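Student: What follows is a single structure, and I will ask about it in a moment.
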Amino acid sequence: MVKFSKQFEGQLVPEWKHAFVDYSLLKKDLKRMQHDYSPQGTIITTSTPHDHHQQQQSVAAPSSYNLSHCRLLLHKLPAAFFGSNNADHAGAIQVRRRVGRGEVYETEVTPEMETTAATAAREFFARLDAQLNKVNHFYKAKEEEFLHRGHSLRKQMDIFLDLKSRSSSSLSGHHRAAAGDDPSISSSSATSGAEDESTRYVTSATDTDESQHETAVMRDPEELSAEQGLEDSGSLSRQSVGRTVSSCQRKNLKINIPLTTPCRTISALTDLLRDDLVSQPKNKCDSDAGITFTTINKTKLRHAEKMIKGAFIELYKGLGYLTTYRNLNMMAFVKILKKFEKVSGKQVLSVYLRAVESSYFNSSGEALKLMDEVEDVFVRHFAAGNRRKAMKYLKPTQRKESHTVTFFIGLMTGCFVALFLGYCIMAHIAGMYTQRRDSIYMETVYPVFSMFSLMFLHLFMYGCNMVAWRKARINYSFIFEFAAGRELKYRDVFLVCTASMAVIVGVMFAHLSLAVRGFHAQAIPGFLLLGFLLLLFCPFNMVYRSTRFQFLRILRNIVFSPLYKVVMVDFFMADQLCSQVPMLRSLEYVACYYISGSYRTQEYGYCINTKHIRDLAYAVSFLPYYWRAMQCARRWFDESDTGHLVNLGKYVSAMLAAGAKVAYEKDRSLGSLSLIVIVSSSATMYQLYWDFVKDWGLLQPNSKNPWLRNDLILKSKSIYYLSMGLNLVLRLAWLQTVIHPNFGSLDSRVTSFFLAALEVIRRGHWNFYRLENEHLNNAGKFRAVKTVPLPFHEADEED
């Protein structure tokens, strides 16, 4: 039977961990109490037949414990516990509730408790009261936050439905009356029937947001009915659409679409230029003069609908977390009180549990009511009344992990190992990787093999990261904002790695067999690369299509970094590319070798000696750091945080170091050597500081954990010190450029490959602590759901 403490730790919301009942701390208090009740430290129990039956019905949690069992058990608690005869122990404790700024519970231990254990019991109940007060306070704060979100979404939904209805209908007679004899208004009114792709609204030239949002100001020309009873009933599921109160302060609305894509950015700039060219008088409440009608197309409405839909999904998810918080904490109180009864022999459960059940977090029904309302609105307006379709968004089902995937992982691993051993033996016999051998193979075929090896080694490290994050309860799916139920599991990642490497090594083994026998088979590695590219861009729903397309979208966002809004997964992937410069250079060379047709004659000198292709190596070495620097610039522009400019300086120093390395490879003079040592040393110190202090959050001098941070996920502190030392050593891999180590007759390209692999391993090691720090930041702010920006804002309220 799985212990409740393990189930409790496994099912709580990771970002809210510190807000849950500290069950392990209360258990430690009970263990200390055992010595007060029994000098030998044995547990004294007072078991009666009724109590034994009671435990069987209400306390014992089965090994398949889940939230449905938890709710069923809580439903049976009053009948199971309050119905028993506890009159002889009713005076053991007294729970008082004080109401001031908030609910505060205090428990008094009566003299009926044994004097030898009275002090320990008082300490235990003081701790338990503190936990109950903490749970109540957090639940109330989160409930108010979600209720505020729900209230805002009511207004957003009203405005959206009103605009949507107007976009599909022609202008009313009131619109024509308001237009009067204005020829521009009459013209627009006469053609309104053909404008079913737009929504009419009134714009003000003063209400534009030039930096962050695509802005449109709407002023309703007709009086809107009051929103009667909306706040009183708190209902989202009305039959008719509520409308905004007709007043000057409530008429001006702004439609804010975040500039997350180049198209939106260009559209916003175009609107700003048009507003500058077309002079528009200011709208006034007491005059109809100066009113100008423009149009807003349905594209903006679709963006607004998508934003509101995402906000409803996140609100529903948060309310679900709050329900989990409520049920798990209730069960924790039940379990710890039962343990106290076993230790003390006093029946206090019915007395204290009555106070817990009447406390705010268990008695308030606002969150559950709002959850039902959100579900009803989502079904009606975003799923066309199809509840099953709505639940796919609100409660996405997780894909079940199949044993078939595990079987194929083992099968592909065995194939890869066997083929790799065969390839290594044949390459050793043929002397392909030695300096004495003809360099044609190393110049033409080896770059393909090294490129794929580095790529899938990186993917394998990501799979290991996923295993470590999962074990450490780091919610990486939430941090990366992956779609629930659609992201790759770690088994899928391992399957992709093993299957791909088995295919690659198999093809390379076949090619080497032909090359040893004297056959001209230089096109085989090219076909291998072409096959992987076709699979990556394959539009059919096969081989993880959603993940492949998401990967391509992330690469697009990275390449056009200044134009796309930067999110966590974008700059995380860009950091991975910074560790894959050797792989990108191999890709550039292989592309040149096959596109230029050099593979037909095996003349690889064209891609090495041609000046403009050699200069391309500079660009390839710069690109990952340039993309990352542009992301820092965009984040500074969006967030106005100067820390992003400091981070940009780190990538500029890395660009200079990469350029110095390429220059030294071409000109091995003393000046180039001095330049690479100075520039690379400065960049390394810059990067180490940022790794330890910013990305990992370590080296805090006033931390309770010396030179680490206050909150640590891993129990052993020594792991963090070893990790910092390992990161320092691996950051110094650039020294091989200066030292030129030789390992016997092994080709220098093989040595460079191993050093590049060490950098990939360093990046995988860095990834774990980077997300650990991000998770702790989310947990410190109790941020378990995304905050989705809303499209409609009242201009007067903002002013």
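Student: Provide the net charge surrounding Asn647, with neighbours chosen by a C-beta distance below 15 Å and charges set as Lys +1, Arg +1, Asp -1, Glu -1.
Tutor: Working: positive: Arg628, Arg634, Arg635, Lys650, Lys694, Arg770; negative: Asp570, Asp575, Asp638, Glu639, Asp641, Asp691, Asp695, Glu774.
So the environment of Asn647 carries a net charge of -2.
Student: Here's something else I'd like to know. Give me the number: length gained by fully extending Phe527 to Glu639, i.e. 0.36 nm times residue separation minus the C-alpha to C-alpha distance, one decimal in nm.
Tutor: On the way: separation 112, 0.36 × 112 = 40.32 nm, distance 4.55 nm.
This chain segment gains 35.8 nm when fully extended.
Student: Rounded to the nearest 10 Å², what accessible area does Trp734 have for a 1.4 Å probe in the complete protein model?
Tutor: Trp734 exposes around 50 Å² with every protein chain in place.
Student: Let me ask another. Heads up, I need the accessible area for Asp638: 1.4 angstrom probe, whole protein in place, Å², nearest 10.
Tutor: 30 Å²
Student: I'd like the Kirkwood hydrodynamic radius of the range 425-579, using the inverse of the mean 1/r over distinct C-alpha pairs, in Å.
Tutor: One over the average 1/r among Cα pairs gives 18.0 Å for the range 425-579.
Student: Under 8 Å for C-alpha pairs, at least 6 residues apart: give me the relative contact order for the range 355-494, rounded to a whole percent.
Tutor: Rounded, it is 24 percent for the range 355-494.
Student: For Arg101, Arg762, give me the order by solvent-accessible area with a 1.4 Å probe, most accessible first, ignoring ligands, DNA and RNA.
Tutor: On the way: Arg101 245, Arg762 0 Å².
Greatest to least solvent exposure: Arg101, Arg762.
Student: Counting only other residues whose beta carbon sits under 12 Å from that of Val467, what net charge do I get with K and R as +1, D and E as -1?
Tutor: Net charge around Val467: +4.
Student: Taking a 1.4 Å probe, which of Asp22, Asp372, Asp747 shows the most accessible area, and what order do the others take after it?
Tutor: Working: Asp22 60, Asp372 105, Asp747 15 Å².
So the residues, ranked largest to smallest area, are Asp372, Asp22, Asp747.
Student: Rounded if a/c is under 1.5, else prolate if a/b beats b/c, else oblate: with a ≥ b ≥ c from the C-alpha gyration tensor eigenvalues square-rooted, which is the range 522-661?
Tutor: In terms of gyration-tensor shape, oblate.
Student: Taking H placed 1.01 Å from N in the peptide plane, check which residues at least 5 places from Phe792 or on another chain put their amide H under 5 Å from its amide H.
Tutor: Correct list: Asn256.
Student: Another question, if that's okay. Full extension from Lys389 to Asn133: what is 0.36 nm times the residue separation minus their Cα-Cα distance, to one decimal in nm?
Tutor: Working: separation 256, 0.36 × 256 = 92.16 nm, distance 3.96 nm.
My answer for the length gained is 88.2 nm.
Student: Tell me the accessible surface of Met724 in square angstrom (1.4 angstrom probe, heavy atoms of protein chains only), to the nearest ten.
Tutor: 20 Å²
Student: For Arg486, project a label point 7 Å along Cα to C-beta. Then give me every residue of the range 390-432 with its amide nitrogen under 20 Å of that point.
Tutor: Those under the cut-off are 390-401.
Student: Okay, moving on. What are the ³J(HN,Hα) couplings of the range 719-728, residue after residue, when phi is run through the Karplus curve with 6.51, -1.76, 1.60 and θ = phi - 60°? Round to Hz, x for glycine and proline.
Tutor: Per residue, the Karplus-derived 3J(HN,Hα) values read 4, 5, 5, 5, 5, 5, x, 5, 5, 5 Hz.
Student: Any idea how far apart Leu732 and Tyr606 come out in nm if each label point goes 7 Å out from Cα toward Cβ?
Tutor: 4.4 nm
Student: Quote the relative contact order of the range 581-668 in percent (integer), defining contacts as alpha-carbon pairs under 8 Å separated by 6+ residues.
Tutor: It comes to 26 percent, rounded to a whole number.
Student: Net charge near Lys786: determine it from the other residues with C-beta under 9 Å of the C-beta of Lys786, scoring Lys and Arg +1 and Asp and Glu -1.
Tutor: Net charge around Lys786: 0.
Student: If the chain between Ser546 and Glu123 were fully stretched, how many nm would it gain, using 0.36 nm times the residue separation less the Cα-Cα distance?
Tutor: Length gained between Ser546 and Glu123: 146.8 nm.
Student: Here's something else I'd like to know. For the range 367-407, what mean projected area does the convex hull of the alpha carbons give, in nm²?
Tutor: 4.0 nm²
Student: Let me ask another. Where the centroid of each part is defined by its Cα atoms, how far is the range 310-341 from the range 390-415 in Å?
Tutor: If we compute the Cα centre of each part, the gap is 28 Å.
Student: Here is a follow-up. Largest first, how would Leu419, Leu132, Leu534 line up by accessible area (1.4 Å probe)? Let's see the in-between values first.
Tutor: On the way: Leu419 60, Leu132 0, Leu534 115 Å².
My answer, sorted largest first, is Leu534, Leu419, Leu132.
The values are calculated or read from the model by the stated rules, or taken from the named source; none is laboratory data. The structure displayed is predicted, hence computed values, not measured ones. We place every Cβ from the backbone using ideal geometry, glycine too, and count neighbours over all the protein chains shown. For the accessible areas, the whole protein counts, side chains as well, though only heavy atoms, and no ligand, DNA or RNA atoms are used. Shrake-Rupley method; radii C 1.70, N 1.55, O 1.52, S 1.80 Å.
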